[in-house]
Structures are given as structure tokens and as C-alpha cells.
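Below is one structure; the comments refer to it alone.
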Amino acid sequence: MSAGFLLSFEGSEGCGKSTQIALLRARLEAAGRSVVVLREPGGTELGESIRHLLQHAKEGASMTSETELLLFAASRAQLVREKIRPLLEAGTFIILDRFLDSTTVYQGVARGLSLESVRAINHFAIGGTLPHLTLVLDMDSATARSRIHQTGRELDRIESQPQAFFEKVRQGYLDVALQEPGRVKIIDASATPEAVHESIWQIITAQSHAV
Ligand code: TMP
């Protein structure tokens, strides 16, 4: 049986995360890996209810940044224990559509909450279950924003933040990668989807027990 692998994808809205996750999943499955994709917030029944509160519920309009941080952490604590740990033990390749670095960057850097508190709460939620590898899809925030607007759909509570918020998100991710260069890799997401996928595949196959 293959060893389990925990990969998280990060990046601002509009960076092409969903496309890259779908391409990677297909290629891993073709290579014989058992793959599960989980999203955050969400990924469990309880987590999906928390997601609704965070993104679309009308009660969310008055949500404080502190509450937002704790709700993301609550969804994560459930996901780690209900899904991630059992799947890793079963040898699954897990692809996470966002994980703890989203909280560091969105609630810590962009919302401006204490980075020390965010670190402690993240640590409590994951209880040592860190990704083996994290890929940040990096793109200039104006291009990423225009891609979101092109979809024509209604923006959720966080997507409706001003451009300056997403500038901070981008810089926050670049800083996380500088602080943890072993785990966190930056991918230039401005290339074609195929070229971005090839860069990702090279990084994955260089990991000793990924494929
Ligand atoms: P998405 O995964 O569909 O992009 O939606 C998740 C949204 O929630 C996105 O705007 C980023 C935000 N988010 C945080 O602010 N903190 C977190 O910890 C996570 C997981 C997501």
C-alpha cells in the first residue's frame, strides 16, 4: 500500500486552483493513486454548515474577524479528525483545496488579527497534521480579480472585499513561503493551465513518497 500524502493548494480567488486540482487528480489517478479532494471550509457535513455561515448566510453580515477565525478553525478541526487522519492511514493521496495557510493569510495578514493568536489557533485545530507539501498559485491580484468578475456570478462575503485586501493576501502567501521554504512552494499561475500543471507535476514527482 502507498503511504498517505497530504497536499494543500493555496492562492487568492481567481488563481486557477480548481482547474489545477482537477488536472492533478486525473493524473494521479491515472498513475494508480487513490485520491480524495477535500475543500475548506467544508469537507465534512458539519464543516459545510460552517461554510454556509462564513460565506452566504445573512447572519454573516455582522461577523467579527475573531468569530471568522474561530469558525474556519472549527471547520478544520473537524476535517482533520473526521476525514484527513483516517484517509492518510489508509494510504490516500489527499488534495486539500485550502488549509491552515489560508487562515494565516486571510485572517492574520489581511484582516490584521494577531499572528501569534492565529498560529496558536491553527496549531490547536490541526494538532500536528501538517501538509507534506503546500502549493501556492501566485498571480497578480488585478488579473485574479478580473477572472472572478468574468464568471458573472454573485460574489460571496470574502470575495466582496476591496482590491487592497487581495494585495495583502498575495503578499501574505509570499511571506509564508519565505518562512517555510521546505513545505511551501510558489507556482507562477499566470502561465497556461497546461504549463502550470507541468510545473506542479514536477514538484510532486520529486517528493519521495508522493507518486
Ligand atoms: P474558496 O475555497 O471557494 O475560494 O472559498 C473559501 C473562501 O474562504 C475564500 O475567500 C478564502 C476564505 N478562507 C479564509 O478566509 N480563511 C480560511 O482559513 C479558509 C480555509 C478560507
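The values are calculated or read from the model by the stated rules, or taken from the named source; none is laboratory data. Not measured: the values here are computed from a predicted model. Cβ atoms come from the backbone with ideal geometry, glycine included; neighbour counts cover every protein chain shown. These accessible areas exclude ligands, DNA and RNA; they are computed on the full protein's heavy atoms, side chains included. Shrake-Rupley method; radii C 1.70, N 1.55, O 1.52, S 1.80 Å.
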Residue check, residue 30 open to solvent by 20 Å² or more (accessible area, probe 1.4 Å), out of contact with any Ser or Thr (no Cβ under 7 Å at 6 or more places or on another chain) and away from the ligand (no atom under 13 Å from the Cβ): yes
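Condition test on residue 84, is it away from the ligand (no atom under 12 Å from the Cβ), part of a strand (DSSP E or B), within 14 Å of residue 39 (Cα to Cα) and out of contact with any Cys (no Cβ under 6 Å at 6 or more places or on another chain)?
No: the conditions fail for residue 84.
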Note down all Cβ pairs under 9 Å where the first residue falls in the stretch 15-36 and is part of a loop (DSSP other than H, G, I, E, B), the second is of a type in the set (Gly, Ala, Ser) and crowded, with 16+ Cβ neighbours inside 10 Å, and they're at least six residues apart or on different chains. 15/144; 15/189; 16/144; 16/189; 33/210
Test set (1) near the ligand (Cβ under 10 Å from one of its atoms); (2) closer than 22 Å to residue 180 by Cβ; (3) over 17 Å from the mean Cα position of the chain (by Cα) - residue 155 fails condition number: (2)
Single match in 137, 113, 96 (criterion: within 29 Å of residue 1 (Cβ to Cβ), within 13 Å of the ligand (Cβ to nearest atom) and outside any helix (DSSP H, G or I)): 96
Per the list (1) touching a Leu at 6+ places or on another chain (Cβ under 7 Å); (2) farther than 17 Å from residue 125 by Cβ, residue check on residue 40 breaks on (2)
When you look at residue 69, is it in a helix (DSSP H, G or I), touching a helix residue (DSSP H, G or I) at 6+ places or on another chain (Cβ under 7 Å), more than 11 Å from the ligand (Cβ to nearest atom) and at pLDDT 95 or above, yes or no? no
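Determine, yes or no, whether residue 98 is closer than 23 Å to residue 45 by Cα and not polar (S, T, N, Q).
yes
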Those residues that are in contact with an Asp or Glu (Cβ under 8 Å, 6 or more places away or on another chain), open to solvent by less than 50 Å² (accessible area, probe 1.4 Å) and not in a helix (DSSP H, G or I), I need them from the stretch 159-194; list them, please. 159, 184, 187, 189
Residue match in the stretch 44-59 (condition: modelled with pLDDT of 95 or more, outside any helix (DSSP H, G or I) and under 16 Å from the mean Cα position of the chain (by Cα)): yes
Look through the stretch 3-14, keep the residues that are in a loop (DSSP other than H, G, I, E, B) and more than 25 Å from residue 145 (Cβ to Cβ), and return whichever of them is most open to solvent (accessible area, probe 1.4 Å). 3
